[in-house]
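Each reported figure results from applying straightforward, stated rules to the coordinates on display, with no laboratory input. Note that the coordinates shown come from a computational prediction; the quantities given were computed from them, not determined experimentally. For neighbour counting, all protein chains shown are included, and Cβ atoms are generated from backbone atoms with ideal geometry for every residue, glycine included.
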Amino acid sequence: MFAGKIIAGLIGFSALGPLGLLIGLYVGHQFDKGLGGLRPMSAQQQEQVRDSYFQTVFSLLGNLAKADGRISQAEIALAEALMGKMGLSSAHRIRAIELFKGGAKSDFSVDKTLDSFMALCGRHNNLKRSLLNDLISLAIADGELHQAEQDLLRAIAGRLGFSAALFDQFIAMIKAQAQFKDSSGGGGSYRAQTSATQLSAAYTALGVEQSSSDSQIKRAYRKLISENHPDKLIGQGMPEDMVKLATERTQEIQTAYDLIVSSRK
């Protein structure tokens, strides 16, 4: 798309001459870039994004599992459990295992994998966040985040455009959200036995403070629900049989939010 560069360049040149032309071209380029990001993807582009997301998730999971030097049977079991939880089709499950093994090989390149992913999916912030969420979830599934795993995750987060501070917050949020797994009734099982620890975890799960206002908490809650909304993720290119984890995450977020709302009444 060149319309923005042409129009802004002409306006800049007429106003400030050659310098204005350069400024106008830059401003126009940013406009074209942003407008391009708003265009819906074609069916072919969606398929490319889906394939890139799938490859990146499972190859990085394999690399992450080997981050501490070797892949243990427990880590293999956790990866298989994650695949089962995702509800992958038989064909996708076989391919996921192949990608997992490939990611664990010594010649696997994290940088090349992320370069390919960013080239296709870099404009989809929800996909980048979901990718990091899935990797963190596997890393903490055994109850311990090893230093080598944390270092690799931090490097991946940086390549995805997330700051170190945001990365630390994401880990805290996902750990807290995990405490609300398998709850039912919109947080009812927690209302009956609310404790200071549970309530603190609920605030952390939403990425807010106990001193946050009601409106701030609601805004954070709505943002998280939107980021993990299945229809939105599928529309951005997430494979349909990988949305289950995001759906479970929305349930955890909902439970945490319900607990906070109940405690404030």
Rounded, prolate or oblate: which fits the range 43-164, taking a ≥ b ≥ c as square roots of the Cα gyration tensor eigenvalues, rounded meaning a/c under 1.5, else prolate when a/b beats b/c?
oblate
Would you tally the net charge around Phe58, using a Cβ to Cβ cut-off of less than 12 Å, leaving Phe58 out, and scoring K and R as +1, D and E as -1?
-1
Positive minus negative residues near Ala220 (Lys, Arg vs Asp, Glu; Cβ under 15 Å):
+2
Violating pairs (Cα-Cα greater than 24 angstrom) within the set Lys66/Lys232; Lys101/Lys223; Lys128/Lys223; Lys223/Lys244
Lys66/Lys232; Lys101/Lys223
Cα-Cα P(r), the range 116-182, percent of pairs per 10 Å interval:
20, 55, 23, 2
Can you put Glu252, Glu209 in order of Cβ neighbours within 10 angstrom, beginning with the fewest?
Glu209, Glu252
Let me know the charge dipole size of the range 188-264 about its Cα centre in debye, to the nearest 20, where only the beta-carbon of Lys, Arg (+1) and Asp, Glu (-1) is charged.
260 debye
